[in-house]
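Shown next, in structure tokens, is the structure this report addresses.
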Amino acid sequence: MWRFIPRIWSLLPNKNQVKSSNQYRMLCSSALQPDRASTCPVSVKKHLPDPHQQSGMEYILYTPPAKVRGMTTLDKEAFAQTVIVPALRVPKEVLNKLVKSLKKVTIQRPGMRRVMDVEGSDDKLLLLDPGSISSPSSFSDAEVEALQSFGVPLDLQQYELQLTYDSLKSEEVLRAVLPEGQDVTSGFSRVGHIAHMNLREHQLPYRQLIGQVIMDKNPGVTCVVNKTNTIDSTYRNFKMEVMAGEENMVAKVRENGVTYEFDFSRVYWNPRLSTEHERVVALLKRGDTVLDVFAGVGPFAIPAARRGSTVLANDLNPESYRWLNHNCKLNKVERKVSTFNQDGRDFIRSAVKQELPALLKGTASVHVVMNLPALALEFLDAFRGLLDQELSCDVNLPVVHCYGFSKKDDPQRDMVERASASLGVSLEGRCSVHLVRNVSPNKEMMCVSFTVPKEVLFSSEGKQTESIEEPAPKRQKCEEKTD
């Protein structure tokens, strides 16, 4: 067959003789017709699958062997499979330039080469995505022009590609293993080296296999955990089960240029709040004061201190308090942050009450951050009658950023009404409400921001108000740091 190579090339005009990409495509395609197969350097022996004939569905390259269905202990060898993919034979000297031009249609598989050697030749085989390319007519005009300019004929060849466990995506593995028709999850939250998942009931029998797959397919993940209950409303952490990997729960993460370390199993950390942390911190100016009522390990407090603010940061959880101090030192802001281990209401009625009179007489802004979405709105009543006597009319009143969850059809109105009820005055037209994120269907996390009204801060009505309190801590501590 190779003796016919000069003949086929003589039938194909060069790029100077072809005036359009369509003409070039048609000429190259005609050389591949069945009645001329004997004249082709490499003939197409089998019809390549046409992705456009899949009833509008996404082309699926990998069809898992039936024996992997229901597997609970991972057997990587069982996933091996040979598939047929289209390929182009490309001269070595133009390969790199052509790959750039065809990057949208080359095969993309985890850990898999898309360029293969040709035995006895310097030419290379460039593997193409069968979901994009099934015939010469599948190429775009720009791609055809690139092939024409590099002198590469539209001669699609077949290549037997060996797919193994290592070349499969996590979704493909899990879809093959879990019972047919059931939800497949491969999503997780990344916290340092830890992947945190929320498995459903039907996925639990496969949790060890799922954990191993997530760890295999995500470099840097060395521990996979599953949440076993809802967040504890006292300390905002939850029990978790290690599904795969090491049982090291001390994570190191970097968010918005700040490094944090903490025991993920004993404190609250949500990687989905990075944008919100950045949004609030961007409101601050050098010299401002931040009063962080539910500070956690410091995602608001530490960036605020780095921005030049003076910070009072509090958290009831002794573990959060410990890691808050650790992270202040880690980021060299310990002199700018005073830390407290108190109930949120006690913190407002003691440390905040003590600092406010002097702050209200100043010119720098005062921001109060209350990020405990499940309960924070109910703590707003702690500001009622907080100060004993009125100051001058030009007092610098604090701005509160209070977070909450809402399942109402109108979450903005819900937040305003609940905040107003807790303060004892209407905030209608006196506040702004920001959508932080969608937590789940019909559940939003919101932030209501407002300047504390004078009639609230200096009112005598709320001094005896009873409301939901955080459970009393085992002990209370306060570390004061000065410049």
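On the basis of being without any contact (Cβ under 8 Å) to a residue 24 or more places away in the chain, within 14 Å of Leu147 (Cβ to Cβ) and either in the same structural domain as Asp155 (by TED's automatic domain parsing) or surrounded by 18 or more Cβ atoms within 10 Å (Cβ to Cβ) (or both), does Thr106 make the cut?
It is true that Thr106 is without any contact (Cβ under 8 Å) to a residue 24 or more places away in the chain, within 14 Å of Leu147 (Cβ to Cβ) and either in the same structural domain as Asp155 (by TED's automatic domain parsing) or surrounded by 18 or more Cβ atoms within 10 Å (Cβ to Cβ) (or both).
The lone criterion from (1) farther than 30 Å from Gly181 by Cα; (2) of a type outside the set (Ser, Thr, Tyr); (3) surrounded by 15 or more Cβ atoms within 10 Å (Cβ to Cβ) left unmet by Met116 is number (3). Criterion applied to Arg254, Arg272 was being of a type in the set (D, E, K, R), in contact (Cβ under 8 Å) with a residue 40 or more places away in the chain and either under 23 Å from Pro219 (Cβ atoms) or assigned to a strand (DSSP E or B) (or both), and the one residue passing it is Arg272.
On inspection, Tyr206 passes the criterion of being more than 23 Å from Tyr260 (Cβ to Cβ) and either at pLDDT 95 or above or not in a strand (DSSP E or B) (or both). Which one is farthest from Trp269 (Cα to Cα) among residues in region 391-412 that are of a type in the set (S, T, N, Q) and modelled with pLDDT of 95 or more? The selected residue is Gln412.
Give all pairs with beta carbons closer than 6 Å in which a residue from region 74-100 that is modelled with pLDDT under 90 meets a residue that is surrounded by 15 or more Cβ atoms within 10 Å (Cβ to Cβ) and assigned to a helix (DSSP H, G or I); count only pairs at least 6 apart in sequence or on separate chains. Sorted first by the residue in region 74-100, then by its partner, the list stays empty. Here Gln162 fulfils each of the conditions (1) surrounded by 20 or more Cβ atoms within 10 Å (Cβ to Cβ); (2) in contact with a strand residue (DSSP E or B) (Cβ under 7 Å, 6 or more places away or on another chain); (3) farther than 30 Å from Phe238 by Cα apart from (1). Condition check for Ala374 on (1) free of Cβ contacts under 8 Å to residues at least 60 places away in the same chain; (2) farther than 20 Å from Asn256 by Cβ: one failure, at (1). When region 257-269 is limited to residues that are in contact (Cβ under 8 Å) with a residue 60 or more places away in the chain and in contact with a helix residue (DSSP H, G or I) (Cβ under 8 Å, 6 or more places away or on another chain), the one that is surrounded by the most Cβ atoms within 10 Å (Cβ to Cβ) turns out to be Phe262. Quick one: would you say Pro49 is in a loop (DSSP other than H, G, I, E, B) and modelled with pLDDT under 80? Here the answer is yes, as Pro49 does meet what is asked.
For region 416-457, the set of residues classified as of a type in the set (S, T, N, Q), farther than 18 Å from Val369 by Cα and part of a strand (DSSP E or B) consists of Asn438, Ser440, listed by residue number.
The values are calculated or read from the model by the stated rules, or taken from the named source; none is laboratory data. It should be emphasised that the depicted structure is a prediction, and the values quoted were computed from it without experimental measurement. Counting neighbours? That spans all protein chains shown, and the Cβs are built from the backbone with ideal geometry, glycine included.
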